[in-house]
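Working notes, beginning with the structure itself.
Read-outs: derived from the displayed coordinates by stated rules, not from any lab. Keep in mind the model is a prediction, meaning the values are calculated, not measured. Cβ sites come from the backbone with ideal geometry, for glycine too, and all protein chains shown count toward neighbours.
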Amino acid sequence: MAGRPREFDRDAALEKARDAFWARGYEGVSMAELTETLGLASARIYAAFGSKEALFREAIALYDEGEGGFATRALAEEPTVRAAIRRILVEAIETYTRPGHPQGCMVVSAATNCSRQNEGVRDWLAEFRRRRTASLVARIERAVMDGELAADTDAQALGDHFATVLHGLSVQARDGVPKQRLQAAIEIAMASLR
């Protein structure tokens, strides 16, 4: 007599999928690997998440709410732009180099190169990164209006600079550059806030 399939922990499955996508990227994780990693048949994965892409998007949201949300939290919580940017850089390095976890930023590395059929995933993550840059620019513009930064500060250029630093830290961390070397870049980056 066949019974109902046993229930599974959807949150735990999503965490496992997040880590797989974070480590190997969207295209680097096949459905066969997902079934093995999650311990679920592909039909159950589709029933629970809809599609591989929908699962990936949920995994990105989970990352952004947790480990990857450090920039959002710093921008909201720190009273000055300098404190916010410093905290972002420090926490980025902490997140990107944690032992026993995938290295780098999931949003930066999970889908930078994709086959034509997955361009929508690549474009979606690019927009995600553009929104992060826009949030940095907006915070810098506020600092200029508040007199915290010089009136002639180019907020767009400075926001682009810090987005570039963040993305570079991610790539460097994935390449195995030690945490101490990444931390040495913080003061150099901070010097651009005058």
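Computed from Cα atoms, the angle from the helix 155-174 axis to the main principal axis of the chain rounds to 50 degrees.
Given +1 at the Cβ of Lys and Arg, -1 at the Cβ of Asp and Glu and no other charges, the dipole of the stretch 1-71 around its Cα centre is 340 debye to the nearest 20. Note on the chain: helix-only mean residue ellipticity at 222 nm, from DSSP H runs of 4+ residues weighted -39500 (n - 2.57) and normalised by residue number, equals -21500 deg cm²/dmol. Dipole magnitude for the stretch 51-194: computed about the Cα centre from +1 point charges on Lys and Arg Cβ and -1 point charges on Asp and Glu Cβ, it is near 340 debye.
When the charge dipole of the chain is built from unit charges on Cβ atoms (+1 for Lys and Arg, -1 for Asp and Glu) and taken about the Cα centre, the candidate among S192, A155, T95 whose Cα reaches farthest toward its positive end is T95. Phi angles across the stretch 108-121 convert, under the Karplus curve 6.51 cos²θ - 1.76 cosθ + 1.60 with θ = phi - 60°, into 3J(HN,Hα) values of 6, 9, 6, 7, 7, 10, 9, 5, 3, 5, 10, 4, x, 5 Hz, Gly and Pro given as x.
Translational diffusion coefficient of the chain (Stokes-Einstein, Kirkwood radius from Cα pairs, 10 °C, 1.306 mPa s): 88 µm²/s. Loop-resident GluC sites (Glu not before Pro) (DSSP state other than H, G, I, E or B) in the stretch 1-80 with no more than 15 further Cβ atoms inside 10 Å of their Cβ: E7. Pairs of Cα atoms nearer than 8 Å and 6+ residues apart set the relative contact order; for the chain it is 22 percent.
Per-residue Karplus couplings for the stretch 23-31, computed as 6.51 cos²θ - 1.76 cosθ + 1.60 with θ equal to phi - 60°, are listed in order as 6, 10, x, 4, 6, x, 10, 7, 4 Hz, Gly and Pro entered as x.
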